[in-house]
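*Asks:* Quick one: this structure, given as structure tokens, is what I'll be asking you about.
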Amino acid sequence: MRTDIFARLDREPEPPKIEIPRMSRHRIALFGGTLAFYLAIVVAVLVSSWLVALDWKVMLFRPYQQWPGLHAFLDYYVVLGQRGPTAVMVASWLGWRSWRQHTLRPLLTLGASLLLLNVTVGAVKLGLGRLGPHYATQIGSAELFAGGDIFPSGHTANAVVTWGILAYLATTPRARRYLSALSAFVSLGVGLTTVYIGTHWLSDVLLGWAAGLLILLALPWFEPLITRTEVWILAVREQWRTRRRLRDAAPVAPEGPSPVLLPQSLSTLTPEHAEGCDAALDAPAAGGHTGAGNRARAHPPHAVRSERTPITPAGSRRPPHADRTPRGGTTPAHPVTGGSVAP
């Protein structure tokens, strides 16, 4: 017997009405504040302010040496911020959501957020070129424009976006609150883990949090584009299905018997046609041989059977018998057994 828990796993009979987030005043205010925080961190690193000095103090403190017992666990925990494993896990869940709710919006929203993450975070990484703590060359330096790619932290930004997209796509306010708290905890832990193992500066993590949060806050601006993309994909799929149904339902013409060409009897040819056939037989072939015409003349055509209805002979076809007398005639005299025959 089924329970309500398993019933929730079935596909819904029709697409549910999901409220799409809008760019409200509250969201715009959060976006503006986060953007200001983002720019302040970039400027603080560019001018080598107190934030860069804090980065060096944390790095020289070497947290992985202070608490070595956490290293084994945090090496696995930091995977929650890697792009490949997290994208596969979240895409699997959102793919099931798309199938259950008859919509491509969850998968398209995830794809749009990851695309924005690659473009924005990747551009800043390559543009500033900051080296990581393990490759630093001068104490107190910001290590900018040196060919690095760790500012902002990609692990942290990816954790914010990948796990935060679950809260963004939640269908109820309660689920949105719980998933928001969970994604904040995971992304905060991933960022601090990178500082613990020494792969990022503390300012890298701060900028990664801000970069991921900016993408989540800006997603409502891309909802119209996501909707148009979904409509186009569904229209293309329907056209492909229609063409396939028409191709499968098209009747196949039956193959009838091939006509048999019978040779025309020479007796039915007109004199002009007969003369043309004789000339064709007498004409030499391409190789100069005239044997074909001679062979045709050496074997004249068979006599054509008359097409008239055969005449059935009258009378019986049974051959006459000497001991039988035809019907209607006089019976000849036969000698009587034991009697004498008159002379």
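*Asks:* Would you mind telling me the share, in percent, of accessible area of region 21-89 contributed by carbon and sulfur at probe 1.4 angstrom?
*Replies:* Carbon and sulfur together cover 71 percent of it.
*Asks:* When the Karplus curve 6.51 cos²θ - 1.76 cosθ + 1.60 is applied with θ = phi - 60°, which whole-Hz ³J(HN,Hα) does each residue of region 24-38 get, with x for Gly and Pro?
*Replies:* Those phi angles translate into 6, 5, 4, 5, 5, 5, 5, 5, x, x, 5, 5, 5, 4, 4 Hz.
*Asks:* Project the alpha carbons of region 101-146 onto their principal axes and report the range along each, largest first, in whole Å.
*Replies:* Largest to smallest, the principal-axis extents are 56, 18, 12 Å.
*Asks:* So with the 1.4 Å probe, I'd like the accessible area per residue for region 31-185, rounded to whole Å².
*Replies:* 52 Å²
*Asks:* Any idea which of G69, Q82, W50 is furthest toward the positive side of the dipole for region 39-123, if Lys and Arg beta-carbons carry +1 and Asp and Glu beta-carbons -1?
*Replies:* Ranked along the dipole, the leading option is Q82.
*Asks:* Just report the Cα centroid separation between region 143-211 and region 16-39, whole Å.
*Replies:* Result: 17 Å between the Cα centres.
*Asks:* Just order 83-95, 63-75, 99-111 by mean Cβ neighbour count inside 10 Å, highest at the front, would you?
*Replies:* Going from most to least packed, we get 99-111, 83-95, 63-75.
*Asks:* Contour minus end-to-end for R11 and L126, with contour as 0.36 nm per residue of separation and end-to-end as the Cα-Cα distance?
*Replies:* 37.0 nm
*Asks:* For region 95-190, what is the convex hull (Cα atoms) projected area averaged across all directions, in square nanometres?
*Replies:* With every direction weighted equally, the projected area is 7.5 nm².
*Asks:* At R0 = 25 Å, how high is the FRET efficiency between V47 and V119 if r is their beta carbon distance? Nearest 0.05 is fine.
*Replies:* 0.45
*Asks:* Students often check this: by mean Cβ neighbours within 10 Å, which of 206-215, 113-122, 52-61 ranks highest, and how do the rest follow?
*Replies:* Highest to lowest by the protection proxy: 206-215, 113-122, 52-61.
*Asks:* Taking square-rooted eigenvalues a ≥ b ≥ c of the alpha carbon gyration tensor, is region 152-217 rounded, prolate or oblate, where a/c under 1.5 means rounded and, failing that, a/b exceeding b/c means prolate?
*Replies:* Prolate is the answer for region 152-217, as a/c is 1.5 or above and a/b outweighs b/c.
*Asks:* Going by the alpha-carbon gyration tensor, a ≥ b ≥ c the square roots of its eigenvalues, is region 1-122 rounded (a/c under 1.5) or, if a/c is not under 1.5, prolate (a/b greater than b/c) versus oblate?
*Replies:* It comes out oblate by the Cα gyration axes.
*Asks:* Could I ask something else about it? Over the residues of region 13-79, compute the C-alpha Rg and express it relative to 2.2 N^0.38 Å.
*Replies:* Working: Rg = 20.7 Å, N = 67, 2.2 N^0.38 = 10.9 Å.
So the Cα radius of gyration is 1.91 times the expected 2.2 N^0.38 Å.
The values are calculated or read from the model by the stated rules, or taken from the named source; none is laboratory data. If you're wondering where the values come from, they're calculated on a predicted model, not measured in any experiment. Note that each Cβ is placed from the backbone with ideal geometry, even for glycine, and that neighbours are counted across all protein chains shown. Surface accessibility is based on the protein's heavy atoms, side chains included, excluding ligands, DNA and RNA. Shrake-Rupley method; radii C 1.70, N 1.55, O 1.52, S 1.80 Å.
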